[in-house]
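Worksheet: one structure, shown below.
The values are calculated or read from the model by the stated rules, or taken from the named source; none is laboratory data. Fair warning: this is a prediction, and the values are worked out from it, not measured in the lab. In this analysis, Cβ positions are derived from the backbone assuming ideal geometry, glycine residues included, and neighbour counts consider all displayed protein chains. Surface areas here come from the heavy atoms of the whole protein model, side chains and all, with no ligands, DNA or RNA. Shrake-Rupley method; radii C 1.70, N 1.55, O 1.52, S 1.80 Å.
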Amino acid sequence: MLSHEDNELLTRVGPATPMGNLLRRYWMPALLSEDLPGPDCPPKRVKLLDEELVAFRDTDGRLGLLDEYCPHRLTSLFLARNEECGLRCVYHGWKFDVEGNCVDMPNEPAESRFKEKVRTQSYPTEEYGGIIWAYMGPPEKKPELPGHEFLRAPATHRFVSKTLEFANYAQAVEGGIDTAHSSFLHNNNLTQKGLRQLDTAPRLEVEPTDYGFRYAGIRNAAERGNYTRIYQFVMPFHQFRSARVEGVDPQHRYEMPTMRGHIWAPRDDHSTTVFNWIFAVDEDKPLTPEFIERQEGSAGRGPDGESEIRQRTRENDWLIDREVQRSKTFTGIQGVNTQDLAVQESMGYIAPRWREHLGSTDKAVITFRRMMLQAARDLEKGIDPPGVDPDTYWDVRAVDLLFPEGVDWREGARDLLLARW
Amino acid sequence: MLSHEDNELLTRVGPATPMGNLLRRYWMPALLSEDLPGPDCPPKRVKLLDEELVAFRDTDGRLGLLDEYCPHRLTSLFLARNEECGLRCVYHGWKFDVEGNCVDMPNEPAESRFKEKVRTQSYPTEEYGGIIWAYMGPPEKKPELPGHEFLRAPATHRFVSKTLEFANYAQAVEGGIDTAHSSFLHNNNLTQKGLRQLDTAPRLEVEPTDYGFRYAGIRNAAERGNYTRIYQFVMPFHQFRSARVEGVDPQHRYEMPTMRGHIWAPRDDHSTTVFNWIFAVDEDKPLTPEFIERQEGSAGRGPDGESEIRQRTRENDWLIDREVQRSKTFTGIQGVNTQDLAVQESMGYIAPRWREHLGSTDKAVITFRRMMLQAARDLEKGIDPPGVDPDTYWDVRAVDLLFPEGVDWREGARDLLLARW
Amino acid sequence: MLSHEDNELLTRVGPATPMGNLLRRYWMPALLSEDLPGPDCPPKRVKLLDEELVAFRDTDGRLGLLDEYCPHRLTSLFLARNEECGLRCVYHGWKFDVEGNCVDMPNEPAESRFKEKVRTQSYPTEEYGGIIWAYMGPPEKKPELPGHEFLRAPATHRFVSKTLEFANYAQAVEGGIDTAHSSFLHNNNLTQKGLRQLDTAPRLEVEPTDYGFRYAGIRNAAERGNYTRIYQFVMPFHQFRSARVEGVDPQHRYEMPTMRGHIWAPRDDHSTTVFNWIFAVDEDKPLTPEFIERQEGSAGRGPDGESEIRQRTRENDWLIDREVQRSKTFTGIQGVNTQDLAVQESMGYIAPRWREHLGSTDKAVITFRRMMLQAARDLEKGIDPPGVDPDTYWDVRAVDLLFPEGVDWREGARDLLLARW
């Protein structure tokens, strides 16, 4: 549980909030590259940290991320024309380049120099790994680009997608770093026990790092040893996990070994854009369209995910099917990610954490909160936040494997926890 | 009219409000029995006094009414599995019995005793007369079960239903104890005058009792005497009325003599669950399906009432038909109860009573308000509220009859006002 | 830009606000005549200055505009029966005449004199020029009827319509008196330059008057001289403009010369009823149904306008078509008025004007704000507002014409700026 005050501190992300200020020190994912498919394509609305923005790709392919509202009379630039290297407001034709400069003001006399005095808010962006990243913090503090391994994987080996979630980002992060729930929430076969159902009370070992923390969820797999899932949490909202790829037990190696993760970008206090990534770890095995389609479908992103708007929402109880819940799956809700969204959204837009009762499997959740609160408080005292430098997590990987009893995962998985791309 | 302050006191029912505290001292209807049709059926959401709850019927048929949110991480237990004598949260499998005990915590080590320390809020329930009743007050103050006659009528002779109303409970109660409006609002035949249209200005006589009050609305029926409708108001939100069953005028006796009433359970400040009951008074005449269907249909509950969600709402002006209003019925709105809901909802979610101008037919309304405000204020001083003890209204009935001029209803109806079941 | 404080002063129009008090000193359009098509027709809801009202036409054809809520128990009189010279509440039959007198109280005893003590709020109305006008200010300050020329034009020569806009009235007025945007927003042919596209930076000359102000937007039309559009702004929310009818260039005279305008009546802080008017200036050329249909269609009022509810809204991005925007029209949004609504609504319900950067073409906008703020502040000191007396703008017209270089529009258009009807 958190005090009411700490809950507010953790969850409020708007302009001038301590947590908003902390988050502004990191690169944040704003859009998928495919959301802006080509030069002069239609602009897209972006909401980050409760700021309304508009993104576009100009004639030369450069990206712009501007205040949504034209500084002249506050018309939405979502309506604007994207043409000849700039976004032109439909009201009076003022035009802005990707840097926020006003490059044309056709309703002013030719000799006017007013346009030189007008700028609009523009945030630096970078396109990297299929994602358009934004930096909304103080310019002099702008860090190097994100250092995740998935960004360096070849495009043939990587897939990214995104989903809109109607709950505060912290609920989403906490769901993502909660390894215990997969024994229950994601048990999609009530009649057959998998490794995660054999031992439903994983022992959590959390280890703070320079970039956040890593932790292992250890399950007793009887004669097969310890089934150990090692996750990475990279500040402020990144999770890395592994589809089980290595271990003492070769027959459990997946056909298509992959690494996976989520990034939870806060839209506002009540909603989150979830970026999902996956990459193949074997150089000779690029991701196939069939594999991607299967993954996205089973994650609950396929059919709902053609647009950002899901069909399974709080308003329709995520289309829970009680007969399926009774006889086939633990939840009766289709799709692994939809199951996650359902429980997270079911807590309300901002969970009242002072009512919680945390147990031994909540260690990672507790560490996340402590780290975020500490970093936000430190920043107010002028202390720079952790995990901003991509070097701190450059060579980090998650892993999911079987250990013989007696082997410590820090030792046993040392090499497997190193990035290869 | 009420002062703004008294209006707030009367209408605000959430946790820690004086009126909420008063209402918690009574048994309140939460659901129909049929909403939980059998052991291990899907749980149902319940909202009472602005608290979010979840109701279920366990494997042994016992009823539970719990806080909607799992005390672990606040996931909604509406999503939970109802299995093996408990409600199991889909997030981490915590399981609660009907008393709110945590009976399983499968994500904790086998030796953990954490679950013994965790309880969730559970409210006592009783199933009685086709209704699931809840008590949300201090345990030591829990009264005996409700004492209404309809609860004791045989199931063959009783019918209960429920409707969702989007207005504060007090508006609903006031509509229900307002006898004068039936001459107007429910005049569904403009071309023929009924007894209620012959005299549209009933004389009201209100008599406070131990359980609330009873009152008569007396209309002049010329040579037939006084047409007198005697209602009962039982604290804090019960109305009993009669379909005209007795009197000096035998040809007016109904084919199927019944007693009827409503219970208005406050969901939150802006909405109310209306429970409707009806029972046959003659032992040899059980209710027939045709009779029930006809009643529910004419009440406006039939077609809209398959689910709780009505088709005729504030948003669509209750589908008022102006041509019907011009030529056939006073309102142009179909269904007696829908007519009630329409006028009550049309006042807004909470009527600004300080703008009213009350007249002589508002005596019962005034008495209701005075009694509720007094009881809420008394409770703050430690004085127990009236009407909590079922004995006070055990043998109470309403009646609707014709008296010869000169007979006082208190005397003339003494026997008819006594319960028979 | 405005200070935050002035922005509040300009835009808040509810009861007891300074701007609401100012607006109450003028006649305001409430409905079209056709909204109340005949005696005893169904009543209509009206919202003006955040007051909820109900309008009706009684048996004798007289108009009533009453508080929506019955003073008895606050039932909505929208549900009422309009019969025998009054509006009769469906709850208890209280009946009110057009002046707000309670003329029947059938639930009180015949001898009761209670009804003589009950009145409801009634506002004076006048039907004039196809519009039902309301006056909501102090009775002793009620001005003469509005003096617009369109009101005096024969019904055969006049057309009025109305549209609901989901933004504050001031945004709408500012859009309507902004002449520069027509070069951009309303450029519906990207491949051919019209007079308004040849010079996109009109020179604005604003001239305060007794009734508000008039101003010219002057565009250089090369050898054809100065293309000059002269607008009238009449306090507090009237715009007159001209379809180009006169000038040195006879071939530009329209087939059907007309005057046009808008009236923006504030519903509440966040929405506005836009009244659109048009009248033919030539006595021998009444408006034809084909002309009206074409005008309304091209304005974006035709198909959406059968009811007040538009199909193109903020929620669906005004159905912007990016391909049309790329290749055919500046906005990709269909309908001139819909284009106006789109930019105005896109600013939010109340634009945060402290973030603006105003230029030389915003002179009329600035004058409007200054005049309104001044008038509201003056009224608080007891100074009566300008433009209340219809004589001040009785003979005023707009005009749109070509001048030879060197002719001042005040001189050159003197006669054309005089009303003829």
Compute the acute angle (0 to 90°) between the alpha-carbon long axis of helix B:289-298 and the principal axis of greatest extent of the alpha-carbon atoms of chain B; round to the nearest 10°. 80
Over 31 Å between C-alpha atoms is what I'm after, so list which of C:95/C:381; B:95/B:142; C:44/C:117; A:115/C:162; A:95/C:193; A:381/B:115 land there. C:95/C:381; A:115/C:162; A:381/B:115
As an exercise, use a Förster radius of 41 Å and the Cβ-Cβ distance of residue A:117 and residue C:298 to find the FRET efficiency, rounded to the nearest 0.05. 0.65
Arrange the residues C:173, B:281 by how much accessible surface each exposes, largest first, with a 1.4 angstrom probe. B:281, C:173
Solvent-accessible area of residue C:379, probe 1.4 Å, all protein chains present, reported in Å² to the nearest ten, please. 30
Rounded to whole Å, how close does chain B get to the rotation axis onto C by Cβ? Give me the residue too, please? B:315, 9
Would you kindly find the accessible area of residue A:207, with a 1.4 Å probe and non-protein molecules such as ligands, DNA and RNA excluded, rounding to the nearest 10 Å²? 50
Summed for both chains, how many Å² of accessible area, to the nearest 100, are buried between C and A with a 1.4 Å probe? 2600
With one decimal in nm and the nearest listed first, the spacings from residue A:154 to its own position in the other copies, using label points 7 Å along Cα-to-Cβ, are 8.3, 8.3
Calculate one ³J(HN,Hα) per residue across region C:50-65 by plugging θ = phi - 60° into the Karplus curve 6.51 cos²θ - 1.76 cosθ + 1.60, and present them in order as whole Hz with x for glycine and proline. 6, 9, 8, 10, 9, 10, 8, 10, 7, 4, 8, x, 6, 9, x, 9
How would A:378, B:60 rank on accessible area, largest to smallest, probe 1.4 Å? B:60, A:378
Go through C:141, C:117 and list them by solvent-accessible area, largest first, probe radius 1.4 Å. C:117, C:141
May I ask you to report, in nm to one decimal and beginning with the shortest, the distances from residue B:316 to the same position in the other copies, taking label points 7 Å along Cα-to-Cβ? 1.9, 1.9
For region C:97-139 and region B:1-57, compute the distance between their C-alpha centroids and round to whole Å. 41
Shortest-first nm distances, residue A:292 label point to equivalent points in other copies (7 Å, Cα→Cβ): 5.7, 5.7
Cysteines not pairable in chain A (beta carbon separation under 4.7 Å absent): A:41, A:85, A:102
Over region C:5-58, relative contact order from alpha-carbon pairs under 8 Å, at least 6 apart, %: 28
To the nearest Å, what is the center-to-center distance of region A:253-291 and region C:341-388, using C-alpha atoms only? 51
Heavy atoms of the protein only, probe of 1.4 Å, neighbouring chains included. What is the accessible area of residue A:277 in Å², nearest 10? 10
Just check the protein assembly as shown against the gyration tensor rule for me: Cα atoms, a ≥ b ≥ c as the square roots of the eigenvalues, rounded for a/c under 1.5, and otherwise prolate or oblate depending on whether a/b exceeds b/c. oblate
Separation between the residue C:59 and residue C:381 pseudo-spin-labels, each 7 Å from Cα along Cα→Cβ, expressed in nm? 5.3
Under-5 Å amide H pairs with residue C:46, H placed in peptide plane, nonlocal only: C:53, C:54, C:55
Please work out whether region B:14-133 counts as rounded, prolate or oblate from its C-alpha gyration tensor, where a ≥ b ≥ c are the square roots of the eigenvalues and a/c under 1.5 means rounded, while otherwise a/b larger than b/c means prolate and anything else oblate? oblate
In degrees, nearest ten, helix C:363-380 long axis to first principal axis of chain C (Cα): 30
